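Asker: Just passing along the structure, written as structure tokens.
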């Protein structure tokens with residue numbers, strides 16, 4: 001049985017995913033967005049080693065530093081450190097904890113960062129990318 005609240009929640013999560021996709025599509029980034037569940041959006045940033053995707057995404061969020069500076073993204077440790085840096089940046093933008101996971105890739109697949117976002121966090125990121133301003137509305141705990 002599907003409840004009316006469940007449909008409303010799904011609509012909000014898909015709306016947030018579409019907003020983030022629209023904000024990122026205006027920029028030359030290698031990314032994918034998937035609705036992971038009824039409460040999580042998965043943002044995949046691909047190929048930071050070759051394309052500098054994570055650094056470009058960080059600049060869109062307002063970072064003046066290259067998050068990948070000094071890291072060897074060919075090694076798992078370098079990608080883990082990049083994920084840690086991205087975590088802190090996204091926490092600063094959204095105001096709450098975000099899970100960021102890194103995969104160094106291999107010979108047939110590029111590295112990627114996976115950001116697991118709530119709908120509200122995705123809206124905050126889309127707003128920052130589109131307007132360069134922090135959201136006026138605080139996140140609910």
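Asker: Give me the Å³ per residue figure for the convex hull around the C-alpha atoms of the stretch 73-124.
Answerer: Per residue, the Cα convex hull of the stretch 73-124 comes to 66 Å³.
Asker: Hey, another quick one. Normalized C-alpha radius of gyration of the stretch 1-130, against 2.2 N^0.38 Å?
Answerer: Against the empirical 2.2 N^0.38 Å value, I get 1.06 for the stretch 1-130.
Asker: Rank these for me by crowding, 21, 124, going from fewest to most other beta carbons within 10 Å.
Answerer: 21, 124
Asker: While we're looking at this one, here's another question. Counting other beta carbons within 10 Å of each residue's own, what order do 36, 123, 27 fall into, fewest first?
Answerer: 27, 36, 123
Asker: Over the stretch 4-131, what relative contact order in percent results from Cα pairs under 8 Å that are six or more residues apart?
Answerer: Here the relative contact order equals 30 percent.
Asker: Given the -39500 (n - 2.57) contribution per DSSP H run of 4+ residues, what per-residue ellipticity at 222 nm results for the chain, rounded to the nearest 500 deg cm²/dmol?
Answerer: Dividing the helical sum by the residues of the chain leaves -15000 deg cm²/dmol.
Bear in mind that the values in this text are calculations on the coordinates, not laboratory data. Values in this document were obtained by computation on a predicted structure and should not be read as measured data. Using ideal geometry, Cβ is built from the backbone for each residue, glycine included, and neighbour counts are taken over all protein chains shown.
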